[in-house]
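Undergrad: Have a look at this one before I ask anything.
The values are calculated or read from the model by the stated rules, or taken from the named source; none is laboratory data. From a predicted model like this one, the values you see are computed outputs, not experimental measurements. Reconstructed Cβ throughout: ideal geometry from the backbone, glycine too, with neighbour counts over all protein chains shown.
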Amino acid sequence: MNMYIPRTIETKIKEWLFKGKIIIIYGARQTGKSTLVKKILEEYPKENKYLNGDETNTKKLFEQAGDASVLAKIIGKPKIVVIDEAQKIENIGLKLKILIDNFPDQQIIATGSSSFDLANKIAEPLTGRSIQFWLSPLSLKEISGIWDRTEIDSQLENLLIYGAYPAVVAASSLEEKTVILKQLVSDYLYKDVLSFDRVRKSETIKRFTEALALQTGNEVSYNELANLLQIGKQTAMSYLDILEQGFILFRLTSFSRNLRQEISRSRKIYFFDTGVRNVLINNLNPLSLRNDIGSLWENFIISEYKKNQYWVANATPLYFWRTYQQQEIDLVMEDKGNFSAVEIKWGKKHDLPPKIWRESYPNSTWENVTRDNYLDKIL
């Protein structure tokens, strides 16, 4: 499948072009950031410049530039400039600040595959000067641009097992999907994480990530993880931060309004991509041979809701809810004080919300997401 798959954030990025802001695009490696920015550049064929921060020459040019006049020579006078893998450039935040302050009519787009690097380097210098987006693996909404609903439904098992990285979705056979996915995990997944100065032992964080993959959808204890891997609790917390900022996984915290029965200060772990999760636990078996379909489906659906929060302005909080009496809701969303509750089931059964939830949050909405109606709910 050699075609460009339109990304949801493309339209929104275009709305923010030439408004005096640096546009920042975060995302894991191989999610399609370079493809996306090059597609945007195509609309300015004689007025664009592309620079790759991974290239030695580009890094040297920027690192030797200390003032606006030198930076002006590097970027030239095109209408739009992309700095790909910007986190590789020393003091990139300060350089971008100089550029936006001195050349506000030029549009600069910077991408980075690790928010812990790029965010740390640009957050302070670019305060009020940037608009931030993030690019995930493909969402169902994006896939619906190339497949109709019947095709998506027929490919659902493959999406659950192999995930939705662009190259994996485009692969023409299961063997090809497997090779690409395993290579992606081994070659790219940890590349940024292991370059981070708080990560000392690569084998430990790999085991840490595998342990989290086995606990998908379960409440996670820092103490238990620390004991399992024989590391300190603070190290476990630090590793989880790094994996989250590397766009490998994300946390849902427990929803509580301080009602006596509600559990607070708890967390669940989900992976942005189910294919990555499955490789980590070494299980690419078909659904008929799996005993984890419930947690796999839950991860898949919750990640779809997460993918819809592709820029800072639409990032509404996502939670799960549980009481000490083991009453649970898989997903709770809050938007301007309004609560929506979602129960996720692989089977066809539709549940009613727990009585205590109905009594405590009578104005909240409730819906079940099953394999029969997921397209209606997600699309």
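Undergrad: Can you tell me which residue within the range 304-326, out of those that are among the polar types (S, T, N, Q) and in contact (Cβ under 8 Å) with a residue 40 or more places away in the chain, is farthest from Lys182 (Cα to Cα)?
TA: Residue satisfying both the conditions and the ranking: Gln325.
Undergrad: Could I ask something else about it? Of the residues that sit in the range 72-92 and are in a helix (DSSP H, G or I) and either buried (at least 22 other Cβ atoms within 10 Å of the Cβ) or at positive phi (or both), which one is farthest from the chain's Cα centre (by Cα)?
TA: Applying the filter and picking the extreme gives Ile92.
Undergrad: Just to confirm my filter: which helices (runs of 4 or more DSSP H) fall fully inside the range 158-220 and include at least 1 residues that are modelled with pLDDT of 95 or more?
TA: So the answer is 166-170, 174-184.
Undergrad: Here are some residues: Tyr374, Tyr305, Tyr361. Which one is among the aromatic types (Phe, Trp, Tyr) and more than 30 Å from Gly275 (Cβ to Cβ)?
TA: Selected residue: Tyr361, the only one of Tyr374, Tyr305, Tyr361 that is among the aromatic types (Phe, Trp, Tyr) and more than 30 Å from Gly275 (Cβ to Cβ).
Undergrad: What is the residue count in the range 239-257 for residues that are closer than 13 Å to Met333 by Cα and out of contact with any Leu (no Cβ under 8 Å at 6 or more places or on another chain)?
TA: Residues that pass the stated criteria total 4.
Undergrad: Scan the range 4-18 residue by residue and report those that are farther than 21 Å from Val169 by Cβ and in contact (Cβ under 8 Å) with a residue 60 or more places away in the chain.
TA: Across the range 4-18, the qualifying residues are Lys12, Ile13, Trp16, Leu17, Phe18.
Undergrad: Another question, if that's okay. Looking at the range 293-304, is at least one residue under 28 Å from Arg149 (Cα atoms), assigned by TED's automatic domain parsing to the domain that holds Pro166, outside any helix (DSSP H, G or I) and of a type outside the set (Gly, Ala, Ser)?
TA: no
Undergrad: Looking only at residues in the range 100-156 that are among the small types (Gly, Ala, Ser) and farther than 18 Å from Phe272 by Cβ, which one is modelled with the lowest pLDDT?
TA: Looking at residues that are among the small types (Gly, Ala, Ser) and farther than 18 Å from Phe272 by Cβ, I get Ala123.
Undergrad: Could you tell me whether Phe103 is crowded, with 21+ Cβ neighbours inside 10 Å and of a type outside the set (A, V, I, L, M)?
TA: No.
Undergrad: Taking the range 246-269 as the region of interest, how many residues are farther than 20 Å from Val279 by Cα and modelled with pLDDT under 85?
TA: Number satisfying all stated conditions: 11.
Undergrad: When Ser69 is evaluated against the numbered criteria (1) small (Gly, Ala, Ser); (2) outside any helix (DSSP H, G or I); (3) more than 30 Å from Leu189 (Cβ to Cβ), which criterion, by number, is the only one it fails?
TA: It is condition (2) that Ser69 fails.
Undergrad: Give the residues of the range 297-352 that are among the charged types (D, E, K, R) and under 18 Å from the mean Cα position of the chain (by Cα), sorted by residue number.
TA: If the condition is that a residue be among the charged types (D, E, K, R) and under 18 Å from the mean Cα position of the chain (by Cα), then Glu298, Glu304, Lys306, Lys307 are the ones that fit.
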